[in-house]
Amino acid sequence: MKKIVAALALSVFAASLAFAADEIVLKAKNGNITFPHKKHQELLKDCKKCHEKGPGKIEGFGKDWAHKTCKGCHEEMKKGPTKCGECHKR
């Protein structure tokens, strides 16, 4: 039974990756952000770095979450945008 549940969970997870958007545009008053979701999936390989409860909407997502999590990760990895204008485009 455990093997069946594990196989089903893996199938759902794989399907969620296949249907995830390549890019997501986030509206912001100081310029919209085009988030390359697929690129992040390929680089990170671990959805739980952003999606703590698994694939799907991020609980508590918003400006503060993104600045802390996204910018923090970019600073930690020394890769990716960390300045306002690098994400926010008019």
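The values are calculated or read from the model by the stated rules, or taken from the named source; none is laboratory data. Every value quoted in this text rests on a predicted model; they were computed, and no experiment measured them. We place every Cβ from the backbone using ideal geometry, glycine too, and count neighbours over all the protein chains shown.
Given Ala15, Ala6, which one is at pLDDT below 55, part of a helix (DSSP H, G or I) and surrounded by 11 or more Cβ atoms within 10 Å (Cβ to Cβ)?
Of the residues listed, the single one that is at pLDDT below 55, part of a helix (DSSP H, G or I) and surrounded by 11 or more Cβ atoms within 10 Å (Cβ to Cβ) is Ala15.
Select from the range 53-88 the residues that are closer than 18 Å to His37 by Cβ and of a type in the set (Asp, Glu) and write down the one among them that is surrounded by the most Cβ atoms within 10 Å (Cβ to Cβ).
By that ranking, first place goes to Glu86.
Could you check how many residues of the range 18-29 are loosely packed, with under 12 Cβ neighbours inside 10 Å and either in a loop (DSSP other than H, G, I, E, B) or touching a residue at least 12 places away in the same chain (Cβ under 8 Å) (or both)?
The number of residues fulfilling the criteria is 5.
Which residues, taken from the range 34-66, are hydrophobic (A, V, I, L, M, F, W, C), within 20 Å of Lys78 (Cα to Cα) and outside any helix (DSSP H, G or I)?
Passing the criteria: Phe35, Cys50.
I'm trying to understand the selection: among the residues of the range 43-76, which are closer than 22 Å to Lys89 by Cβ, out of contact with any helix residue (DSSP H, G or I) (no Cβ under 9 Å at 6 or more places or on another chain) and either of a type in the set (D, E, K, R) or touching a residue at least 40 places away in the same chain (Cβ under 8 Å) (or both)?
Selection gives Lys63, Asp64, Lys68, Glu75.
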